[in-house]
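> Structure below; questions to follow.
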């Protein structure tokens, strides 16, 4: 028994005197923001894409994730506290919360950020310099994209000279033939037949496979040697990956995702899309140039 007690005592002593490992924190300064007026409060967006800085004098500065200065908002100069919310992929609207420790006033500001989407070289319908550019990120196996396609066709009929509709590819991983269909349509685009090929893909969206891609190309009398080469070319693959990256940068997580002069359409119906188009046209009439 004495031996057991001695062993236990020894173990306890060793436990209390065992060397400890200090917790370490690895850190680095990602960005440094310089403001003209002293900052009062700082907040970051949930997606990490923006940093908001409230400064003396009623200035709310918005910086990109890389530290690039963006918009400056004029707010109530008595405000000295700041918070933000909103997450585009979850369809939560961006909101800014301001409060004043001096007056007790609280303000909630709803904001609508525009995405800067590169559309150079993408297939489009409508007038090239139309004041309203509608960008659709789409997937040829997505049934909702087929419905959105008709919605946009109707919009173009109503605003033939005021709207430009741009198609961007965003094939989803859950659709096994969507990526190949996108590349096939891009190969057709190389020969000026994107929209005809696009229509055939959506008409057969439930039965897409390689032999269909070849059949559609033959039906449209494409140069088959060129089509087959383009279908597997690195160049088209890179363009497709760029479309996907552009969508991800704009906050796209599903399809169809529609942007009107960079502002994402929240409800895909005729009423809401026309409302946003009219809002953009009003901005154009006021400023003389499209607001993006």
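Just so you know, all these numbers are worked out from the coordinates, no wet-lab data involved. Only a predicted model underlies this, so the values are computations on that prediction, with no experimental measurement involved. Here the Cβ positions follow ideal geometry from the backbone for every residue, glycine too, while neighbour counts run over all protein chains shown.
> Using alpha carbons only, how many degrees (0 to 90, rounded to 10) separate the axis of helix 194-203 from the longest principal axis of the chain?
Once rounded, the angle reads 80 degrees.
> Mind giving me the FRET efficiency for residue 111 and residue 195? R0 is 41 Å, r the Cβ-Cβ distance, nearest 0.05 is fine.
Computed FRET efficiency for residue 111 and residue 195 comes out at 0.70.
> Next question, about the same structure. Under a no-solvent Debye model with one identical scatterer per Cα of the chain, what's log10 I(q)/I(0) at q = 0.12 Å⁻¹?
Normalising to I(0) and taking log10 leaves -0.88.
> Helix 143-158 versus the longest principal axis of the chain: what is the Cα-based angle in degrees, 0 to 90, to the nearest 10?
60
> Provide the FRET efficiency to the nearest 0.05 for the residue 103-residue 25 pair, computing r from the beta carbons and using R0 = 30 Å.
Computed FRET efficiency for residue 103 and residue 25: 0.20.
> Then there is this: Along Cα→Cβ, 7 Å out, is where each label goes; now give me the distance between the ones at residue 33 and residue 173 in nm to one decimal.
Reported label-point gap for residue 33 and residue 173 is 3.2 nm.
> What FRET efficiency do you get for residue 206 and residue 71 if R0 is 45 Å and r is their Cβ-Cβ distance, rounded to the nearest 0.05?
Efficiency computed from Cβ-Cβ geometry: 0.50.
> Also, quick follow-up: Considering every Cα-Cα pair within segment 39-111, what fraction, in whole percent, is farther apart than 18 Å?
34
> Continuing with this model, one more query. Based on the mean of other Cβ atoms within 10 Å per residue, sort peptides 26-37, 185-196, 211-222, 244-255 so the most packed one is first.
185-196, 244-255, 211-222, 26-37
> Step by step: find N for segment 145-222, compute 2.2 N^0.38 Å, then divide the Cα radius of gyration by it. What's the final number?
Against the compact-globule rule of thumb, the ratio is 1.15.
> What distance in nm separates the simple spin-label points at residue 158 and residue 41, each placed 7 Å from Cα in the Cβ direction?
Here the modelled spin labels are 4.1 nm apart.
> Sticking with this one: Please work out how much length the chain gains when fully extended from residue 279 to residue 225, using 0.36 nm per residue of separation minus the C-alpha to C-alpha distance, in nm with one decimal.
Full extension of this stretch gives 14.8 nm more.
> Suppose each label sits 7 Å from its Cα in the direction of the beta carbon; what would the residue 64-residue 233 distance come out to in nanometres?
Label at residue 64, label at residue 233, 3.0 nm between them.
> Ok, one more. What's the Cα-based Rg to Rh of segment 124-287, Rh via Kirkwood?
When Rh is taken as the Kirkwood radius, the ratio is 0.98.
> So, one more: Relative to the longest principal axis of the chain, what angle (0 to 90°, nearest 10) does the C-alpha long axis of helix 210-219 take?
Computed tilt is about 30 degrees.
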